Amino acid sequence: MAEQHLDTDLAWQLVLDAVNRSNVTLPLPGSQEPAIKLNGRGWQLLNDATRDARDLFELFLPLCRPVSEGAGPRVIGQLGQSLDGRIATVTGCSRFINGDDGITHLHRIRAVSDAVVVGAGTAVTDNPRLTVRRVAGRNPVRVVIDRRRRVPDSHHLFTDGQAPTLRLVAGDYHKGAGEIPVKGVLEIPCLGDADSNQPVDPRLILSVLNDFGLRKVFIEGGGVTVSGFLKAGLLDRLHVMVAPMIIGSGRPAFSLPEIDLLDDALRPRAKLVNLGTDMLFDLDFSD
Ligand SMILES: NC(=O)c1ccc[n+]([C@@H]2O[C@H](COP(=O)([O-])OP(=O)(O)OC[C@H]3O[C@@H](n4cnc5c(N)ncnc54)[C@H](OP(=O)(O)O)[C@@H]3O)[C@@H](O)[C@H]2O)c1
């Protein structure tokens, strides 16, 4: 073991170095000294590291591995909820359920993803930027599911020029009908009938993103959108951040079909990580 101690900042730089790489030994940032060896689905630490740095590797290295063109996408969802499973008040106020560490965690997931996806409800209510501002890393392509174009054109996603935005709207999909703009907005008709009240199969959304080379997909919210991907069995991982707060009413994190027996409940492999301000459940639905 070398003497160098890997703290969270160094660990995060290594995570960014690991994006889309496998079977490689990465050196300590700014040095030739080997720090971490990536092999297939696993990794081996070659230096001493703090508990927080190890947690960071365990949470993020699985999200960094490359996804080849022929393979299906890798999809991670997140929900930031109160102890009573709410992601917002009844009026839609969700800022902020999670504390500082939870929000930093959210930005980290964005930084290792190709695309960050939100439903129209979140885009309308929160007017989010969906950029990486709290940590080093690049902005993902922003995607809003906005069948009826109800997100105001003046919202940040369409005006701030910080990152490309794909606006998925009603209409028939034609592959190859555009390219991701450098920082502007591309509207992609693909969500069928604007008057339909039925959700579009989320597989279709992933397939459109795949056509644009976006294979590491982060479903950031809200509850309706994340639940749609979960119900369709499309999430490989789900990060649920629980804040020590009881709202007592409000919008639910999960809405899934009713079940009678607990045998039918979802029971993913789970790892619990103390982020500081929030407790994170890292849920693994992959095989
Ligand atoms: N705490 C958190 O982690 C967190 C994260 C994000 C948002 N939020 C909060 O959550 C609230 C919004 O969440 P929400 O669950 O109400 O809504 P949402 O998931 O943000 O948006 C749902 C809407 O997106 C569109 N959509 C999503 N999936 C679709 C599909 N498969 N096919 C067609 N359209 C689809 C539909 O829009 P149309 O109805 O226009 O068809 C649907 O009604 C806000 O209050 C926000 O502040 C909290």
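The values are calculated or read from the model by the stated rules, or taken from the named source; none is laboratory data. Quick caveat, the model's predicted, so the values are computed rather than measured. So basically every Cβ, Gly included, is an ideal-geometry build from the backbone, and we count neighbours across all protein chains shown. Note: accessible area is taken over every heavy atom of the protein model, side chains too, but ligands, DNA and RNA are not part of it. Shrake-Rupley method; radii C 1.70, N 1.55, O 1.52, S 1.80 Å.
Of all residues assigned to region 275-283, none qualifies as being in contact with a helix residue (DSSP H, G or I) (Cβ under 6 Å, 6 or more places away or on another chain) and without any contact (Cβ under 8 Å) to a residue 40 or more places away in the chain. The number of residues in region 237-270 being under 17 Å from Leu106 (Cα atoms) and in contact with a strand residue (DSSP E or B) (Cβ under 6 Å, 6 or more places away or on another chain) comes to 7.
Could you please let me know if Gly80 is in contact with a helix residue (DSSP H, G or I) (Cβ under 9 Å, 6 or more places away or on another chain), in the same structural domain as Thr277 (by the TED database) and not charged (D, E, K, R)? Taking the combined requirement at face value, the residue satisfies it.
Would you say Ala88 is more than 15 Å from the chain's Cα centre (by Cα) and within 20 Å of Ile205 (Cβ to Cβ)?
When the stated conditions are applied, Ala88 does not pass them.
For Arg95, are the conditions met, namely being more than 16 Å from the chain's Cα centre (by Cα), among the charged types (D, E, K, R) and crowded, with 17+ Cβ neighbours inside 10 Å? No; evaluated as a whole, the condition is false for this residue. As a summary of the residue check, Met241 satisfies the conditions (1) in a loop (DSSP other than H, G, I, E, B); (2) at pLDDT 95 or above except for the one numbered (1). Scanning region 255-273 for residues that are under 30 Å from Phe60 (Cβ atoms), without any contact (Cβ under 8 Å) to a residue 12 or more places away in the chain and of a type outside the set (A, V, I, L, M) yields one hit, Arg267. Against the definition (open to solvent by less than 70 Å² (accessible area, probe 1.4 Å), of a type outside the set (Phe, Trp, Tyr), within 11 Å of Leu79 (Cα to Cα) and not in a strand (DSSP E or B)), how does Thr225 come out, yes or no? Against the criterion (open to solvent by less than 70 Å² (accessible area, probe 1.4 Å), of a type outside the set (Phe, Trp, Tyr), within 11 Å of Leu79 (Cα to Cα) and not in a strand (DSSP E or B)), Thr225 qualifies. List pairs: first in region 175-191 and under 13 Å from Leu157 (Cβ atoms) and in the same structural domain as Thr159 (by the TED database), second at pLDDT below 95 and away from the ligand (no atom under 15 Å from the Cβ), Cβ under 6 Å, 6+ apart or cross-chain? Hits for this filter: Leu186/Gly178. Exactly one residue out of Arg237, Arg267, Arg251, Arg203 is more than 19 Å from the chain's Cα centre (by Cα) and surrounded by 14 or more Cβ atoms within 10 Å (Cβ to Cβ), and it is Arg251. Of the residues making up region 69-118, those that are charged (D, E, K, R) and within 24 Å of Leu234 (Cα to Cα) are Glu69, Arg74, Arg86, Arg108, Arg110, Asp114. Within region 162-215, the set of residues being within 13 Å of the ligand (Cβ to nearest atom) and small (Gly, Ala, Ser) comprises Ala170, Gly171, Gly192, Ala194, Ser196, Ser207. The strands (runs of 3 or more DSSP E) falling completely within region 23-129 that include 2 or more residues that are in contact with a Ser or Thr (Cβ under 8 Å, 6 or more places away or on another chain) and within 12 Å of the ligand (Cβ to nearest atom) map to 86-88, 115-119. Does Thr50 satisfy the condition of being under 23 Å from Gly276 (Cα atoms), surrounded by fewer than 16 Cβ atoms within 10 Å (Cβ to Cβ) and not assigned by the TED database to the domain that holds Phe212? So Thr50 fits the description; yes.
The numbered conditions (1) surrounded by 12 or more Cβ atoms within 10 Å (Cβ to Cβ); (2) away from the ligand (no atom under 15 Å from the Cβ); (3) at pLDDT 95 or above are all true for Val151 except (2).
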